[in-house]
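Throughout, read-outs are computed from the coordinates displayed, never taken from laboratory work. Everything numeric in this text was worked out from a predicted model, so none of it was measured. Neighbour counts run over all protein chains shown; Cβ positions are idealised from the backbone, glycine included.
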Amino acid sequence: MKTIKTIKKIKKIKMRPMLMLLLILSLAACNQVAPPTASPVTPPAVATATSEPAATVIPAATRTSEPTTAPTATPAPPTETPTVEPTARPTLDPAALDKSTRNIKQKNLPTCVVDGVTLRIDLYRLPEVKGPTPTIIYIHGGAWMNGSKKGGYGLSVMPQLVVRGYSFIAITYRLAPEAKFPAMIEDIKCNIRFLRAHAAEYNLDPTRFGILGNSAGGHLAALAAVTDERAGFDGAGGYAEQSSRVQVAVDMYGPTDLTAPEITEKPEFKRMIQQVFGLTDSTSDLLWRASPLFQVTPDDPPTLIVHGEQDTTVPLQQSQRFYDQLKAAGVPTELILVKNAAHGLVPEGGELSPSIDEVNRRIADFFDRYLRLNR
């Protein structure tokens, strides 16, 4: 019996180390850190703008409120960058541009030669703007006898247009009394034909030409817009294979009916018809031919008209009748009446409404609406 008890004790003693080893291994297995399980890696979020970049111009006809939060939709994969970005606009403050036009202007570029006179242009465009660009042709005022491409209301609109990516071209034309009408409109149309012929050289889009003029320049801009080669104003200066039509027009307080009593009965106009038109009376057919009001047809380009309600130099009814005629012909048109504004939108009797800044913005928006949607 003692022998059996002794054998059992020996077996118990031999088993203890094995049990301890198993216990240690078991505890180690329980405390071991499990390897991480596979999980999808979240890709870095694609940066999205909370509003549209300042370099983008949205045509006024399609503009909607900009989002105030980032879009949640996954952006489409990038495509190849196009050569032409018609809606791109550099981020430059128009106020700053006023002080730096010399840095973006090419001066006195020659265009047509008419009766021995070389016509010239100034071209304004930001260096970083790629083309071909939509183009605005500016016609200065000055009673057809004065003024130059270096001045006039249109240059105050220029910064709004240049920062939106336009080429802005101020042109010269022959002045009275040395040159008699139709020399002025012939020169304007020759400048347009020249620019189309040299569009590649100047990085212009020949299918997107707008025209802007103030006072006598407004009259000439309107006349250029509503006439084609059938009017007989395209015979001087060459480039006959090119069209002188424009796609958009802005007429700022220009006379449109040179046969109307409110124009012909003015003493200053009676002197002017002799100096500008070479006439001694106001009944000539030349004045009818020179009046945009009588040349309106349904295929005329969209036209914006701006006029001061207190204008006594060119009475408001001149623009009102032109607007009515365009509208009756089915031509897209708008009329901006500026309260407390005399000729040239000079304040008279109170604060201008809309303001000059607002008028200029609306002019630029009008060009955007019709010159950018066709691209």
Note down the nm distance, to one decimal, between modelled labels 7 Å out along Cα→Cβ at Met145 and at Glu262.
2.3 nm
What does the extension gain come out to for Asp115 and Phe269, with contour length at 0.36 nm per residue minus their alpha carbon separation?
52.8 nm
May I ask you to sort Ser353, Ser282 by Cβ crowding, counting other Cβ atoms within 10 Å and putting the fewest first?
Ser353, Ser282
Over 23 Å (Cα to Cα) among Lys189/Lys270; Lys180/Lys270; Lys105/Lys130; Lys149/Lys339 -> Lys189/Lys270; Lys149/Lys339
What percent antiparallel are the DSSP beta bridges of the stretch 233-375, to the nearest 5?
15 percent
Could you check the simple spin-label distance between Lys130 and Asn108, using points 7 Å along Cα→Cβ, in nm with one decimal?
3.4 nm
Which length gain, in nm to one decimal place, applies between Arg321 and Lys339 when the Cα-Cα distance is subtracted from 0.36 nm times their residue separation?
4.6 nm
In what sequence do Leu119, Leu258, Leu223 fall when counting other Cβ within 10 Å, fewest first?
Leu119, Leu258, Leu223
Order by protection proxy (mean Cβ within 10 Å, highest first), peptides 208-214, 317-323, 261-267
208-214, 317-323, 261-267
Rounded to whole angstrom, the alpha-carbon centroid of the stretch 112-153 lies from that of the stretch 293-322 at a distance of 22 Å
Report the extension gain between Ala329 and Thr313 in nm, rounded to one decimal, defined as 0.36 nm multiplied by the number of residues separating them, less their alpha carbon distance.
3.0 nm
Ascending count of other beta-carbon atoms within 10 Å, so fewest first, for Asp257, Asp324
Asp324, Asp257
The distance between the Cα centres of the stretch 171-196 and the stretch 211-267, in whole Å, is 10 Å
Relative contact order (percent) for the stretch 298-355, with alpha-carbon contacts under 8 angstrom and 6 or more residues of separation?
41 percent
Cα-only radius of gyration and Dmax that characterise the stretch 128-282, units Å:
15.7, 52
